[in-house]
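Worksheet for the structure shown next.
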Amino acid sequence: MTQQNAGKWDLGRFVKTLSYFGAIPFLSSVDWFQQWFGSQPDPKADSSAIATTLAAATRESSNNQGVILVAGATGGVGKRVVQRLVAQGYSVRSLVREAERARSILGEAVPVVEADITLPETLTPEVMANVNALICCTGTRVQPVEGDTPTREKYYQGLKFYLPEVVDTPEYIEYQGIQNLVQALNSSVYSHPIFDFTQPSSGLQDIWGALDDVVMGGVSESGIHFSGSAAQFAGNVSTANSGGFASVRTRNFDRPINLAEYDGIELRVKGDGNRYKFMLRTETQWDGVAHSYSFDTIANQWMTVRIPFAALVAVFRAKSVSDRPLDPSQINAFQLMLSKFEYDGGLNPHFTPGAFHLEVASIRAYRHSQLPQFVMVSSAGVTRPGKPGLNLEDEPPAVRMNDQLGGILTWKLKGEEAVRHSGLPYTIIRPCALTEESGGQALIVAQGDTLKGKVSREDVAALCVAAIAHSEARNIVFEVAEGQGDCAPDDWRCLFLKSTSSSG
Ligand SMILES: NC(=O)c1ccc[n+]([C@@H]2O[C@H](COP(=O)([O-])OP(=O)(O)OC[C@H]3O[C@@H](n4cnc5c(N)ncnc54)[C@H](OP(=O)(O)O)[C@@H]3O)[C@@H](O)[C@H]2O)c1
């Protein structure tokens, strides 16, 4: 849309929009729901047929105990994680690059799978099958420039400084590898498809239609197209005539969908960096209360967005309303929106008027109990490179030498972001300098990435294993070092509770 005609409101589009969504009923009597769901629905039957199918599928996929997958199982922390898991009776699978070498380190009894996290094709469904939690202890190999000599032993203690060099490329190991793990793990999660746009059918165009600010006098214009392997929600959003939103929405389903067996909605999307809204409607009037959730996209990156029903905000237009809890058994419509507004007059912090584009591969329903946890061993110092006012003299070698080491900490931070945006429950542990000393030390945890010191690989491994057993460890990021704090050694719950405020 050009600036010239940006203020010209279109009566034709207004009438078309209202008729499409049934606000002018006689113009919109297509029984599209019937077309989409195939068979002729029995008008006397209630809507429980879809719910019954969903519930059966859910039971089928939740009927087992699950495996703990350890990536980097041949490493200093990883091998200790495997030993502890086995000792505690967990079912363990070790992800390693060389099976033979792994067996010489871990013993013959531990099941190993060969894969390389930088090669997504090796992260097969078999590697990820039935995984309850992934503990990721991978890392770029760093060694003293002298090579793998006896000095390496001292280097490994984190005590004395030897000039280090990276053996692999940190971008691949710390970022792309973590992203590959996130994607493979997400693909393994069972969720029930509601709209699978990867296999578009002609009926979709009768279900989804544009609902732009033309209904309020604005001139934004959008549409949704079903081609290739995703739905394309695209258009131009303008703030002219006090407008500022574009959206696409389903017509009301003939009978509400019952998602009471589920905990939320899962979107697979590739955006453009804008913040979008996803909405559910349980009411049938076209201008009624909706339940809304805002989500950020990363330009040109596929991501899984999980929206717990509990996180949806009840709104009338963009105003929040109270006392309107969502009834997930009565879903009548879905909507996707790009709006200048957040809620109650607040502004979308990432909004810029103009062209936008959101690809949507699927809309599915998920159950929280089926989401595997991602435990990541990261590093203290990931936010420090380039931080203004930092005195490098006081910083550990990894921070001082971040550039020489291929930006290892910078890529680790990007890897952390991939985990935090995965839609999976996560625990990100940022240890200070790792040592080979014995475990069982008192530990301190901190937030804000200023902690310095050392911590044994033994204690980091124990922390990783504790993270999968404590609900308090979910969705937290924290630094850890040896030291006398408020928590007794092994009081993991105390440590996780102290880390809660760092939740990202
Ligand atoms: N050193 C420190 O002071 C310090 C401080 C804070 C945080 N950290 C971080 O803590 C983590 C654990 O440290 P660590 O000492 O246990 O590390 P480590 O002994 O070097 O082990 C790294 C593990 O990652 C695996 N790995 C590397 N690239 C891989 C790939 N492409 N695919 C699959 N596996 C791969 C290695 O497998 P292979 O056996 O096949 O090589 C090895 O098992 C690392 O992320 C490290 O950066 C270290």
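Data table
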{"read-out": "Residues located in segment 457-504, provided they are open to solvent by 50 Å² or more (accessible area, probe 1.4 Å), free of Cβ contacts under 8 Å to residues at least 40 places away in the same chain and out of contact with any Asp or Glu (no Cβ under 8 Å at 6 or more places or on another chain)", "value": "Ala469, Ser471, Asp486, Asp491, Ser503"}
{"read-out": "Top-ranked residue of segment 352-381 - restricted to ones that are within 30 Å of Trp411 (Cβ to Cβ), open to solvent by less than 40 Å² (accessible area, probe 1.4 Å) and over 20 Å from the mean Cα position of the chain (by Cα), ranked as farthest from the ligand (Cβ to nearest atom)", "value": "Phe356"}
{"read-out": "Asp449 vs. criteria in contact with a Gly (Cβ under 9 Å, 6 or more places away or on another chain) and in a loop (DSSP other than H, G, I, E, B)", "value": "yes"}
{"read-out": "Top-ranked residue in segment 397-418 [being acidic (Asp, Glu) and part of a helix (DSSP H, G or I); ranked as modelled with the highest pLDDT]", "value": "Glu416"}
{"read-out": "Residues being touching an Asp or Glu at 6+ places or on another chain (Cβ under 8 Å) and near the ligand (Cβ under 9 Å from one of its atoms) - total across segment 416-432", "value": "3"}
{"read-out": "Of all residues making up segment 106-124, the number that are under 26 Å from Trp411 (Cα atoms), more than 10 Å from the ligand (Cβ to nearest atom) and either crowded, with 20+ Cβ neighbours inside 10 Å or not acidic (Asp, Glu) (or both)", "value": "3"}
{"read-out": "One residue from Arg251, Arg268, Arg275 being charged (D, E, K, R), more than 27 Å from the chain's Cα centre (by Cα) and open to solvent by 10 Å² or more (accessible area, probe 1.4 Å)", "value": "Arg251"}
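Conditions (1) part of a helix (DSSP H, G or I); (2) modelled with pLDDT of 95 or more, marked per residue:
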residue	(1), (2)
Val445	no, yes
Glu458	yes, yes
Glu479	no, yes
Gln484	no, no
Asp490	no, no
Arg493	yes, yes
Phe496	yes, yes
Ser501	yes, no
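The values are calculated or read from the model by the stated rules, or taken from the named source; none is laboratory data. Remember, it's a predicted structure, so these values are computed and weren't measured experimentally. Using ideal geometry, Cβ is built from the backbone for each residue, glycine included, and neighbour counts are taken over all protein chains shown. These area figures cover heavy atoms from the full protein model, side chains too; ligands, DNA and RNA do not enter into them. Shrake-Rupley method; radii C 1.70, N 1.55, O 1.52, S 1.80 Å.
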